[in-house]
Amino acid sequence: MADFKFEPMRSLIYVNCAKEDYRPNLTRWLYKTHIPDSISQFEPYVTKYAFYPSFPCPPEGDRFGYCKMQLTEHHWLVSDLDPRLEIKAIAETFPPDVLLWQGNLPEAAVEMMKNGPKPGEEDGDIGNEARKAAFEGANPFIFCFLPMWWEEDIKGKGRTIEDGANYRFNFSIGFPDGVDKAEGEKWLREEVLPIFEAAPECTRILMSHVKKDINDCTMDFVVEVWFENQSGWYKVMVEDTKKLAKPSWAEQDAFPFLKPYHRFISVAVADYTPSNNLANYRGYLTMR
């Protein structure tokens, strides 16, 4: 790997489950197929690969683009989008159904894709092509690359694991076409974050810029706002934000004002996950 650029970074994939009927299939594919597929490919240049299961969707969570499956985290040593990494001895298994289960593909498009060439068969890697999914009538696949370390420590510095449980509300935010990133950032910093900072229910705030140059991600920032529980989240995110004026570029009437799953996507997770896959995965061992 001497000729590869050493570029440590972190990535987050927001995984939704579009219908509860899809959850068994999506769970099976993730743990039976996708984990070993992934580890087989990137183990030499990834130091962490973890699934953080979503807490149950909170009241009014859908307008926040709440993902009901998991948050997937990678720690990379080199960019996974280097074209040399597309040469794989065994191709990744990524059927169109997975995108349907995650809400990234309309039902009408599934049969068409099954009968035609799969994404990546003609011009690239099937997994990477699937992770660029943006189909009319469905939600885009949100895959954010970030600096390895949080860039901004806004509230709660010094909090330890002994200070209590954490309901970590993680969201990625981008702004509509025609809205300058600087304008959106000013709104976020001057109007929104002060509400979170002032709330006693909020224990921690962290933020990073998205590394848009890696994969042309449509999002601009990733923010984590921590609470002790779902009730604290609701008090701040739903009740306290009612004082915000509706921006001229709003795509919905209430905060976050942006189109859910497109320009605002979120999930709430715990600190710990048993699915730290590089360390803990032992295969698809079934229940007796």
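The values are calculated or read from the model by the stated rules, or taken from the named source; none is laboratory data. In this text the structure is predicted, and so the values were computed from the model without any measurement. Glycine gets a Cβ as well: all are built from the backbone with ideal geometry, and neighbour counts include every protein chain shown.
Some values worked out for this structure:
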item	result
Where a residue in segment 206-232 is over 21 Å from Leu188 (Cα atoms) and its partner, wherever it lies, is polar (S, T, N, Q) and not in a strand (DSSP E or B), with Cβ under 8 Å and at least six apart	Ile214/Ser79; Glu228/Asn166; Glu228/Thr203
Members of segment 186-225 that are among the aliphatic types (A, V, I, L, M) and under 21 Å from the mean Cα position of the chain (by Cα)	Leu188, Val192, Leu193, Ile205, Leu206, Met207, Val210, Ile214, Met219, Val222, Val223, Val225
First in segment 4-30 and under 9 Å from Met69 (Cα atoms), second anywhere and part of a loop (DSSP other than H, G, I, E, B) and of a type in the set (Ser, Thr, Tyr), Cβ under 9 Å, 6 or more apart	Tyr14/Tyr261; Val15/Ser54; Asn16/Ser54; Asn16/Tyr261; Cys17/Ser54
Per-region count, segment 63-84, residues surrounded by fewer than 19 Cβ atoms within 10 Å (Cβ to Cβ), in contact with a Ser or Thr (Cβ under 9 Å, 6 or more places away or on another chain) and either without any contact (Cβ under 8 Å) to a residue 24 or more places away in the chain or of a type in the set (Phe, Trp, Tyr) (or both)	0
Qualifying positions in segment 5-22 - over 23 Å from Ala279 (Cα atoms) and in contact with a Lys or Arg (Cβ under 8 Å, 6 or more places away or on another chain)	Asn16, Cys17
Only listed residue being under 26 Å from Pro147 (Cβ atoms), touching a helix residue (DSSP H, G or I) at 6+ places or on another chain (Cβ under 7 Å) and at pLDDT 95 or above, chosen from Tyr45, Tyr14, Tyr49	Tyr49
Residue that is farthest from Arg263 (Cα to Cα), among those in segment 32-59 that are of a type in the set (D, E, K, R) and touching a strand residue (DSSP E or B) at 6+ places or on another chain (Cβ under 9 Å)	Glu43
Residue within segment 128-144 that is assigned by the TED database to the domain that holds Ile87, surrounded by fewer than 13 Cβ atoms within 10 Å (Cβ to Cβ) and not hydrophobic (A, V, I, L, M, F, W, C) present	yes
Selected residue (only one of Asp97, Asp123 is surrounded by fewer than 18 Cβ atoms within 10 Å (Cβ to Cβ), in contact with a Lys or Arg (Cβ under 9 Å, 6 or more places away or on another chain) and either at pLDDT 90 or above or not assigned by the TED database to the domain that holds Lys212 (or both))	Asp97
Residue identified as farther than 28 Å from Lys235 by Cα, modelled with pLDDT of 95 or more and loosely packed, with under 15 Cβ neighbours inside 10 Å among Ala165, Ala108, Ala182	Ala182
Sole exception among (1) closer than 25 Å to Leu258 by Cβ; (2) out of contact with any Leu (no Cβ under 8 Å at 6 or more places or on another chain); (3) surrounded by fewer than 19 Cβ atoms within 10 Å (Cβ to Cβ) for Ile13, by number	(2)
